[in-house]
Amino acid sequence: MQEPRTTNGANLGFENDMWRAADALRSNMDAAEYKHVVLGLIFLKYISDAFGEQHAKLEADRAEGADPEDPDEYRAVNIFWVPKEARWSNLKANAKQPTIGKIVDKAMLAIEHDNPSLKGVLPKDYAHPRLDKQRLGQLIDLVGNIGLGDRENRAKDILGRVYEYFLSQFASTEGKKGGQFYTPRCIVGVLVEMLGPYKGRVYDPCCGSGGMFVQSVEFVKAHATGNGNGGKARALPAPRARQAGGSATGAVIPFSSMPASSAR
């Protein structure tokens, strides 16, 4: 039986179950604040999963000179280095401690320190009094139940599904203000179809979750076999995304083949 789908494009399955559980832990906390708490933990779990998988591989290759505690071993394969105090196993082990908020904040700071590209990006308000620490521990246990960053789940884009679904639900909860950080997938799809990004660059002056870029890549893949080219098949190089900044500065993604009339 085919899974029901939401208007945001994510399958309504485990994402919905996770959302219901996470929202129940929100209590009286404002959705605009709580989304940073939840999405920050989801991202931390994602990079921890990817790190853990690579760590296990390096551990198995110790006899051949591999060092699982060498940050360069991870950066060489585009995986974020996660220091010991920031690893998910440490958070899980301390989830029931009253100091879990401080432990998460220190984890975020440690990751930013060792990964300059994440400097100033991760939320660090988990120790704030308004966040119930018992509920935070329960949320860590909840997020810990799903695989996100290992090779198998990256191939299924589990992170993308969860992230997009949660963003849409937070936007719905916030009402009108929610539109400031999330644009429905269907609207982004219309914009991409109008733009027709066969080549050139797509500039998003209000880049939030990067949905415009994701759908632009999907557009190129869908048209790579001939659509928009007189029915003749052609192979297009995979587009490369280059983010120039957040919502304040926008972001740019270049494409290698777009008709001149479509360039902006």
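The values are calculated or read from the model by the stated rules, or taken from the named source; none is laboratory data. What you see is a predicted model; the values in this text were computed from it and never measured. Virtual Cβ from ideal backbone geometry, glycine too; neighbours counted across all protein chains shown.
For the reader, a short list of remarks on this structure follows.
- Residues being farther than 27 Å from E73 by Cβ and assigned to a helix (DSSP H, G or I) - total across the stretch 83-104: 3
- Subset of the stretch 57-75 (residues that are surrounded by fewer than 12 Cβ atoms within 10 Å (Cβ to Cβ) and part of a helix (DSSP H, G or I)): A60, R62, A63, E64, D72
- Subset of the stretch 99-134 that is of a type in the set (K, R) and within 19 Å of Y46 (Cα to Cα) - its residue that is modelled with the highest pLDDT: K106
- Looking across the stretch 32-46, the residues that are surrounded by 18 or more Cβ atoms within 10 Å (Cβ to Cβ) and either of a type outside the set (A, V, I, L, M) or out of contact with any Leu (no Cβ under 9 Å at 6 or more places or on another chain) (or both) come down to Y34, K35, G40, F43, K45, Y46.
- The set of residues in the stretch 76-104 being charged (D, E, K, R) and either crowded, with 18+ Cβ neighbours inside 10 Å or outside the structural domain of A22 (by TED's automatic domain parsing) (or both) consists of R87 alone.
- Any hit, the stretch 135-145, residues being at pLDDT 75 or above, surrounded by fewer than 17 Cβ atoms within 10 Å (Cβ to Cβ) and not assigned by TED's automatic domain parsing to the domain that holds E73: no
- Residue satisfying all of: in the stretch 201-219; β-branched (V, I, T) and surrounded by fewer than 21 Cβ atoms within 10 Å (Cβ to Cβ); modelled with the highest pLDDT among these: V217
- Any hit, the stretch 66-80, residues being closer than 25 Å to Y163 by Cβ, in contact with a Ser or Thr (Cβ under 7 Å, 6 or more places away or on another chain), at pLDDT below 95 and of a type outside the set (D, E): no
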